[in-house]
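Scroll down for the structure; my scribbles are underneath it.
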Number of protein chains: 2
Amino acid sequence: MRDLLSVLQQIEPDLSKSERILAALLRSDAEFIVNAGITDVAERAGVSPPTVTRFCRRLGCESYTAFKVQVAQVTFAGTRYLTANAASDAPSDIADSLLAQFQDAAARTREALDMESVLAAADAISTAKLLAAFGAGGTSSMISDEIQNRFFRLGLRTVSVTDHAMQLMQAATMRTGDVIVASSVSGRNLQMVRALEAAKTYGAVVIALTRPARPVADHADITIAIDLPEGENILRPSTSRYAFLFVTDLLATLVAMRRGDEARENLRRVKYQLSNTRDLDDKEALGD
Amino acid sequence: MRDLLSVLQQIEPDLSKSERILAALLRSDAEFIVNAGITDVAERAGVSPPTVTRFCRRLGCESYTAFKVQVAQVTFAGTRYLTANAASDAPSDIADSLLAQFQDAAARTREALDMESVLAAADAISTAKLLAAFGAGGTSSMISDEIQNRFFRLGLRTVSVTDHAMQLMQAATMRTGDVIVASSVSGRNLQMVRALEAAKTYGAVVIALTRPARPVADHADITIAIDLPEGENILRPSTSRYAFLFVTDLLATLVAMRRGDEARENLRRVKYQLSNTRDLDDKEALGD
DNA sequence: CTGCATACCGGAAACCATTTTCATTTTGAC
DNA sequence: GTCAAAATGAAAATGGTTTCCGGTATGCAG
């Protein structure tokens, strides 16, 4: 099933004036359309009902009703985004709005993701002799540790370094065939950049998970761009952690598939050792 | 917005015979309903159109059209969940399916969340003299560190302890007014349980983020139940990290709101010190 | 500038799906 | 068995959607 909004994007140039008004309305207030009849939509857009019908046909829908159904589907995630600002201070509204933010952050990240860089990164990582994860500061160091946690299970020699001095020292020991995954939310971690430069002179490949067009990205061989707007409420935790975590998971999954049997064998061993000492169910998750 | 299927579940016992037929049809072939008119649905179910209208009203919908829109939404979420098994090995399909898994994990967690325990936990944490985060193993230790990362910013004395021996030692030093947040994905971390027991004898309040009805939950004063089914594909990272992270964020936000000005002042200080030493934009996110 | 062809749009009528009304049937209690 | 209440469907009424068609704008050629 193709997505209504992407169809719209595609045929936008061919649209007439009235149809563009409808397109704008669809984008700005899809929820209204879902809850309104064709006459309401027509009136609000200042066009006639037949024009609305024609607009729906253009988007590949049989009828206005079919169109409405499709709008309902694509905006399901979207309406959640609208509630990203909590309706009230009531805890359950806050929970809803955090959930919306999280879902939105993940969806946007996935949407903006450049698969070619992801693939290039997965290729590099899956054959790395040593994988070093760099990151400093709340989110970035968490991601760095998480990278270590995910990749050592796949049989890769992995180390997480979250201390600038140690990053520089680690960099000094690296050589051709080694890979660094450098995470930086701001993209401006200059001390880390120094370590990356050093590592590159010794032949390591640098993969950056960071904002594009910033120092960290500029010094990387492969950049996976993650560029989320930060929320305005200082009391709210930032959503970028979810974006970084999502990319980490994607990389881990792709690398696991590339390494196939070896990854499976290592995961099995980890699980076996855990269940041996900790008396867990066989079905228990890895990694508590 | 309430979920149609959960409403259905709730009122199922009160339904009449014809309505049950419709309920069964809705569950078995929602897609058909989305693409059909009321007469088609009526015919297929062997009932009359008015009965269908009444059925929609019972489910809280204004009209059949409104009902159809809602069905479209829930089934869309459903198909997303179904695509959690990637359509193919193509990286972008895998990305989509990971995204679907996480969105689903987060939504389920939010749905199942017991707000009363969350509130009780937020109350306890916001007045804690010392906050100790316990956790061991991949996800749980990550969450433990993350709790430290989030709460120290709010002006709480916070420490993360991810080592069993240290947990026991930490527990021995705790007293009334102190709070422990214990994370355990499996809920069976027996060594941690020992530390929790010790801490309780010295008067600390224990909050557990874990599966219900397992040792860790049984030894907690407040349990926030997080109970996600684990995926079957061993190469896939588990989704429980997102669930735990979501709950952590929610707690952090609620505590931040309770602590109000003090939280704001501490966040401002952290930001100020960072921008002082690191030459960041003023608009930069906290916590890179 | 004019005339023509084309595309676009809206009014009104036709059409069709949905809903309401109301009579009938079924169910269940006494 | 009888009655009341609930459930159901037939048919009419309603209201929303689509089709048809004519008017208007736009662009192009002469």
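The values are calculated or read from the model by the stated rules, or taken from the named source; none is laboratory data. Treat the numbers as computed from the prediction; the structure is a model and nothing was measured. All Cβ positions, glycine included, derive from the backbone under ideal geometry; neighbour counts span all protein chains shown. Accessible surface areas use protein heavy atoms only, side chains included; no ligands, DNA or RNA. Shrake-Rupley method; radii C 1.70, N 1.55, O 1.52, S 1.80 Å.
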### Query
What are the residues whose amide H is under 5 Å from the amide H of B:Ala182, where those residues sit 5 or more places off or on another chain and H is modelled from the backbone?
B:Phe134, B:Ile207, B:Ala208, B:Leu209
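What does the structure give for B:97-103 when I average, per residue, the other chain Cβ atoms found within 10 Å of the residue Cβ? Don't jump to the answer; show the numbers that get you there.
Details: counts 1, 9, 10, 2, 1, 9, 9.
Whole-number average of other-chain Cβ neighbours for B:97-103 is 6.
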### Query
If the label for A:Ser28 sits 7 angstrom from Cα along the Cα-to-Cβ line, what are its distances to the same label in every other copy, in nm to one decimal, shortest first?
4.6
### Task
Report the calculated FRET efficiency for A:Arg57 and A:Asp227 (r = Cβ-Cβ distance, R0 = 41 Å), to the nearest 0.05.
0.65
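For A:Asp104, A:Asp114, give me the order by solvent-accessible area with a 1.4 Å probe, most accessible first, ignoring ligands, DNA and RNA. Could the numbers behind the result be given before it?
Details: A:Asp104 35, A:Asp114 80 Å².
The ordering from most to least exposed comes out as A:Asp114, A:Asp104.
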## Note on the structure
Once amide hydrogens are built 1.01 Å from N within the peptide plane, the residues lying 5 or more places from A:Thr158 or on another chain with amide H under 5 Å from its amide H are A:Leu131
### Whole-angstrom Cα spans of the stretch B:4-82 along principal axes, big to small
32, 25, 22
### Query
Counting other Cβ atoms within 10 Å of each Cβ, which trypsin sites (Lys or Arg not before Pro) in the stretch A:1-41 have at most 15 and sit in a DSSP loop?
A:Arg2
### Charge dipole (debye, nearest 20) of the stretch A:4-82; +1 at Cβ of Lys and Arg, -1 at Cβ of Asp and Glu
80 debye
### Task
Using the 7 Å Cα-to-Cβ label point, sort the distances from B:Arg54 to its equivalents in the other copies shortest first and give them in nm to one decimal.
4.4
### Message
Just to confirm the numbers: A:Glu12, label point 7 angstrom along the Cα-Cβ line, distances to the other copies in nm, shortest first?
### Response
4.5
## Note on the structure
Rounded to the nearest Å, the spacing of the alpha-carbon centers of the stretch A:14-40 and the stretch B:94-132 is 36 Å
### Query
Hey, what do the phi angles of the stretch A:145-150 turn into as Karplus ³J(HN,Hα) couplings, whole Hz, using 6.51/-1.76/1.60 and θ = phi - 60°, x for Gly and Pro?
4, 5, 4, 4, 4, 7
### Summary
Rounded to the nearest 10 Å², the 1.4 Å probe accessible area of B:Glu19 is 20 Å²
### Query
Along the Cα-to-C-beta direction of B:Tyr202, a point sits 7 Å from the Cα; which residues of the stretch B:139-163 have their amide N less than 14 Å from that point?
B:159, B:161
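Tell me, what is the FRET efficiency for A:Gln10 and B:Ala36 to the nearest 0.05, using R0 = 30 angstrom and their Cβ-Cβ distance as r? Before the final figure, lay out the partial values.
Working: r = 28 Å, r/R0 = 0.94.
Computed FRET efficiency for A:Gln10 and B:Ala36 comes out at 0.60.
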### Message
Just to compare against my own numbers: the Cα pair-distance distribution for the stretch A:110-257, 10 Å bins, whole % per bin, please.
### Response
13, 47, 33, 6, 0
